[in-house]
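In what follows, a single structure is set out as structure tokens and then discussed.
The values are calculated or read from the model by the stated rules, or taken from the named source; none is laboratory data. Everything numeric here is computed off the predicted structure, so don't read it as measured data. Positions of Cβ are backbone-derived with ideal geometry, glycine not excepted, and every protein chain shown enters the neighbour counts. Just the protein is used for accessible areas: all its heavy atoms, side chains included, with ligands, DNA and RNA removed. Shrake-Rupley method; radii C 1.70, N 1.55, O 1.52, S 1.80 Å.
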Amino acid sequence: MKKNLIVLTISLCLVLMVSSMGVFAQDKKINVGAKNFTEQYILGNMLSILLEANGFEVSEKMGTGSAITREGLLTGQTDLYAEYTGTASLVYLKHEEVITEPDVLYEKVKKEDLEKNGIVWLERSNINNTYAIAITEEKAEAKGIYTLSDLAEYVNQNQDLIWAIDHEFAERADGLPGMAEHYGMNIPKDNIRTMDVGLTYEALDRGQADIMMVFATDGKIKRYDLHVLEDDKFFFPVYNICVTVREEVLEQYPEIEEILKPIADLTDDIMQELNYQVDTTGLPEKLVAKNFLTEQGYLD
């Protein structure tokens, strides 16, 4: 009888242990965010795939603008997403100083965002997806425009260039208003066409626009044979990608830092190629993300 009681007790303990482990595993839930353009969708899917491969139940909130994505992190609607150092410094932390040294900007943003907002910046990647201005190679040669200073000189004498930019760039301090002021460009408002990012390339390709905003890692730059104008007066800050995560989430799941380390290994060339696969060949962002992580040995 005593032996049976011992066996029963052990069995009950095992059942409770397994049950507890099941509940614990189910409790590893996390919400991943991403902004509303190709690179962010790829990065968001990378985060989700890496976390799922390590036992997390992931929910996603992707496809929102910068302000909404950031607010989601601050309010706890999302737990983590990939952010840019330059955006944080100029837009979220409201600094006017343009810092062009990647490590200096990263350390400053990392310290201030943690102290003020409880947001942790994980390891900095080498991706610098800064804003840039581009025109076709043909137009660059025809009009002698190779730098932003060249562009300023041209637009101040001529009013024939039509701009295709997205709504956010049209309003941001580190976007068109700040750039125009920095370079002394007098851009007629009637020459500015705001539209979704994906439509700007089509507008240029169809001759409906002459000049556009691009991201430095955009895969479509190669596809549309564009010339990226040199930022010769250093207006645009560095925009290194880092995973940002709420402090309490990282404290609960400290393993996240190691799990998401592959993001820090990404470079401009890698990111432009991944963007190209989505934007030019039409592959889904999730498939591109999974293929890359598998090929690099980050997934079994």
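Worth pointing out:
- Selection within segment 101-124 - within 19 Å of Leu90 (Cα to Cα) and open to solvent by 60 Å² or more (accessible area, probe 1.4 Å): Glu101, Asp103, Val104, Glu107, Lys108, Lys110, Lys111, Leu114, Glu115, Lys116, Asn117
- Filter pass, Val238 being buried (at least 19 other Cβ atoms within 10 Å of the Cβ), not in a helix (DSSP H, G or I) and not polar (S, T, N, Q): yes
- Subset of segment 154-174 that is of a type in the set (Gly, Ala, Ser) and in contact with a strand residue (DSSP E or B) (Cβ under 7 Å, 6 or more places away or on another chain) - its residue that is surrounded by the most Cβ atoms within 10 Å (Cβ to Cβ): Ala164
- Tabulated pairs, segment 132-151, first free of Cβ contacts under 8 Å to residues at least 24 places away in the same chain, second open to solvent by 10 Å² or more (accessible area, probe 1.4 Å) and in a helix (DSSP H, G or I), C-beta under 9 angstrom, 6+ apart or interchain: Lys143/Asp150; Lys143/Tyr154; Gly144/Asp150; Gly144/Tyr154
- The set of residues in segment 125-153 being open to solvent by 20 Å² or more (accessible area, probe 1.4 Å) and farther than 20 Å from Phe234 by Cβ consists of Thr136, Glu137, Glu138, Lys139, Glu141, Ala142, Lys143, Gly144.
- Residues of segment 172-229 classified as of a type in the set (Val, Ile, Thr), in a strand (DSSP E or B) and within 19 Å of Glu153 (Cα to Cα), total: 3
- Selection over segment 225-273 of residues that are under 30 Å from Gly207 (Cβ atoms), more than 19 Å from the chain's Cα centre (by Cα), of a type outside the set (Val, Ile, Thr) and at pLDDT 90 or above gives a count of 8.
- Single unsatisfied condition, Ile187 versus (1) more than 17 Å from the chain's Cα centre (by Cα); (2) within 16 Å of Ala132 (Cα to Cα): (2)
- Considered as a group, the residues in segment 97-114 that are outside any helix (DSSP H, G or I) and of a type in the set (Asp, Glu) include one that is farthest from Ile241 (Cα to Cα), and that residue is Glu97.
- Gly55, sole failed condition from (1) on the phi < 0 side of the Ramachandran plot; (2) at pLDDT 95 or above: (1)
- Every residue from segment 68-81 that is in contact (Cβ under 8 Å) with a residue 24 or more places away in the chain and open to solvent by 10 Å² or more (accessible area, probe 1.4 Å): Leu74, Gly76, Gln77, Asp79
- Checked against (1) within 21 Å of Lys220 (Cβ to Cβ); (2) part of a loop (DSSP other than H, G, I, E, B); (3) under 19 Å from the mean Cα position of the chain (by Cα), Leu161 passes all but condition (3).
- Taking residues in segment 36-64 that are touching a residue at least 12 places away in the same chain (Cβ under 8 Å) and aromatic (Phe, Trp, Tyr), and partners anywhere that are part of a loop (DSSP other than H, G, I, E, B) and open to solvent by 10 Å² or more (accessible area, probe 1.4 Å), the pairs with Cβ atoms closer than 8 Å and at least 6 places apart or on different chains are Phe56/Lys28; Phe56/Tyr253.
- Every residue from segment 254-277 that is open to solvent by less than 70 Å² (accessible area, probe 1.4 Å) and touching a Leu at 6+ places or on another chain (Cβ under 9 Å): Ile256, Ile259, Leu260, Pro262, Ile263, Ala264, Leu266, Met271, Leu274, Gln277
- Flag for Glu257 being free of Cβ contacts under 8 Å to residues at least 60 places away in the same chain, out of contact with any Phe, Trp or Tyr (no Cβ under 9 Å at 6 or more places or on another chain) and of a type in the set (D, E, K, R): no
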